[in-house]
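The values are calculated or read from the model by the stated rules, or taken from the named source; none is laboratory data. From a predicted model like this one, the values you see are computed outputs, not experimental measurements. Counting neighbours? That spans all protein chains shown, and the Cβs are built from the backbone with ideal geometry, glycine included.
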Amino acid sequence: MKNNHTRLKIATLSLALLCSITKAQTNKKAEQFKLPQGFNISVAADDVGRARHMAITTDGAIYVKLARPVDGKGIILLEDKDGDGKFNQSSGFGNYGGTGLYIKDNYLYASSNSEVFRYKLDKDQRVVDPSKPEKIVTGLIDRRQHETKSITLDNNGNLYVNIGAYSNSCQEADRRAGSPGRPDCPILDSAGGIWRFKIDQLNQSYNNGSRFATGLRNVVGLDWNQQDNSLYVMQHGRDQLDMFSQFFNSKQSAELPAECMYKLKEGDNAGWPYMYYDPFKKKKMLAPEYGGDGTKEANNKFIDPVVAFPAHLAPNGLLFYTGSQFPERYKNGAFVAFHGSWNRAPQPQEGYFVAFVPFANGKPSGEWEIFANGFAGVSVVNSPREAVHRPCGLALGKDGSLYVSDDTKGTIFRITYNKNSK
């Protein structure tokens, strides 16, 4: 009897210790994130694969595009059937990886790294026949560098597709110290910009679409601003200015150029590879591959950014907030998901957060700010492999909450606001 009592006491203590450890781990995870007062973050789904962009249905289910298919499925549908705020995979389809995903009217649009498809939706915005998508665009360049094809749609039947440049700075020898830029960069004929296609025409290619804007090295985050009816994009700035060490040291290379948000209209040229934007000088500078030395300014024919962020943060998601859950100052403002840098050595890597830019009347109305931080899980990131989570996509929940995807652990985060908080 005494032995039984001892075993029972040990078991009780072990259970209490386990509960204590679990509670401490949960608190630690919650404490790792920093958000403005009144906001909370929770895990809505985990281990879904390399989650890129998302699309939310009218009843709150989530489609997630995976960079690589899992068990032959590159798009998964997450549903919260019991209303507890946790999502489970209910189905999957699409045997291709990629990034782009968008719901518009009665279709789900999804991209691989060379094509764009659309799936007919039923009244509940569930895909009618997952095995038979319509191919909208085909034959886009995929050179395994900046190959992702992010997408968005306007309100006039147009599809916008990023086609990233398969180069750092259009050098004769890519990423080689001192190599000059190629004259009249030929990459821009089929990449390094945003192309526009019709949403109701099948099997379009470069011959059917049009180059909407050029001079954009790579755009992963883009969104259509409903307030001023315009396309906004986040460009990944160029790397390795210190390949021209006679003009740039390693510190300058880590801090230049800016990651830029652009408002685009048809025919715009953002200047890649001929220039970069210096956030300290607030000027467009001539790239060293094309005769720049860190002091020469670029031609004024190139457009200015509407917001300039620090260098090498890798903006992968852009969303204009049109929900009603968050405080009024967030209405119509822009959230940006930064995937995090890999090339700021010898300085620590930066990013791994969600930023916010206030907007009013279709224009930025204040300085950008870090909105949600702590995804990296460590205070200092020396290598991106040390980051626990890397934000990628953003989506607006039907209740006005904000979803953030992570393509490292496959986590979907949900950010909510408590209106009763003080």
Which pairs have Cβ atoms under 8 Å, sit 6 or more apart or on different chains, and link a residue in the stretch 374-399 that is of a type in the set (Gly, Ala, Ser) to one that is surrounded by fewer than 17 Cβ atoms within 10 Å (Cβ to Cβ) and part of a strand (DSSP E or B)? Gly374/Lys34
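Suppose we filter Thr99, Thr26, Thr58, Thr22 for residues that are modelled with pLDDT of 95 or more, hydroxyl-bearing (Ser, Thr, Tyr) and surrounded by fewer than 13 Cβ atoms within 10 Å (Cβ to Cβ); which single one remains?
Values: Thr99 fails: surrounded by fewer than 13 Cβ atoms within 10 Å (Cβ to Cβ); Thr26 fails: modelled with pLDDT of 95 or more; Thr22 fails: modelled with pLDDT of 95 or more.
Among Thr99, Thr26, Thr58, Thr22, only Thr58 is modelled with pLDDT of 95 or more, hydroxyl-bearing (Ser, Thr, Tyr) and surrounded by fewer than 13 Cβ atoms within 10 Å (Cβ to Cβ).
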Among the residues of the stretch 391-409, the number that are in contact with a Phe, Trp or Tyr (Cβ under 8 Å, 6 or more places away or on another chain) and farther than 15 Å from Ala45 by Cα is 2
Among residues belonging to the stretch 347-370 that are out of contact with any Leu (no Cβ under 7 Å at 6 or more places or on another chain) and buried (at least 19 other Cβ atoms within 10 Å of the Cβ), point out the one that is farthest from Asp242 (Cα to Cα). Phe359
Please give the number of the condition Asp228 fails out of (1) at pLDDT 95 or above; (2) among the acidic types (Asp, Glu); (3) not in a strand (DSSP E or B). (1)
Would you check if Phe212 is within 16 Å of Ser150 (Cα to Cα), hydrophobic (A, V, I, L, M, F, W, C) and surrounded by fewer than 24 Cβ atoms within 10 Å (Cβ to Cβ)? yes
Return the residue satisfying two criteria in turn: it lies in the stretch 344-365 and is touching a strand residue (DSSP E or B) at 6+ places or on another chain (Cβ under 8 Å) and either charged (D, E, K, R) or not in a strand (DSSP E or B) (or both), and of such residues it is nearest to Gly410 (Cα to Cα). Tyr352
Could you tell me which of the residues Lys65, Lys34 is surrounded by 13 or more Cβ atoms within 10 Å (Cβ to Cβ), among the basic types (Lys, Arg), closer than 22 Å to Asp105 by Cα and at pLDDT 95 or above? Lys65
Does the stretch 261-277 contain at least one residue that is touching a Lys or Arg at 6+ places or on another chain (Cβ under 8 Å) and at positive phi? yes
Which numbered condition Lys398 misses (of (1) within 21 Å of Ala55 (Cβ to Cβ); (2) crowded, with 18+ Cβ neighbours inside 10 Å; (3) over 19 Å from the mean Cα position of the chain (by Cα); (4) of a type outside the set (Asp, Glu)): (2)
Which numbered condition in (1) out of contact with any helix residue (DSSP H, G or I) (no Cβ under 6 Å at 6 or more places or on another chain); (2) within 18 Å of Asn316 (Cα to Cα); (3) buried (at least 18 other Cβ atoms within 10 Å of the Cβ) is the only one that Lys104 fails? (2)
Pick from the stretch 408-422 the residues that are closer than 21 Å to Ala334 by Cα and part of a loop (DSSP other than H, G, I, E, B): which of them is farthest from the chain's Cα centre (by Cα)? Lys419
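Residues that are surrounded by fewer than 16 Cβ atoms within 10 Å (Cβ to Cβ) and assigned to a strand (DSSP E or B): does the stretch 154-175 have at least one? Reasoning before the result, please.
Initially, the stretch 154-175 is screened for residues surrounded by fewer than 16 Cβ atoms within 10 Å (Cβ to Cβ), giving 155-157, 172-175.
Retained after the next criterion (residues that are assigned to a strand (DSSP E or B)): none.
No: the stretch 154-175 contains no residue that is surrounded by fewer than 16 Cβ atoms within 10 Å (Cβ to Cβ) and assigned to a strand (DSSP E or B).
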For the stretch 327-343, give me each residue that is part of a loop (DSSP other than H, G, I, E, B) and touching a residue at least 24 places away in the same chain (Cβ under 8 Å). Pro327, Asn332, Gly333, His339, Gly340, Ser341, Trp342, Asn343
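Would you mention how many residues in the stretch 111-135 are hydrophobic (A, V, I, L, M, F, W, C) and closer than 15 Å to Tyr96 by Cα?
2
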Assuming Asp223 fulfils every condition listed in (1) among the acidic types (Asp, Glu); (2) in contact (Cβ under 8 Å) with a residue 12 or more places away in the chain; (3) surrounded by fewer than 20 Cβ atoms within 10 Å (Cβ to Cβ) apart from one, which condition is it? (3)
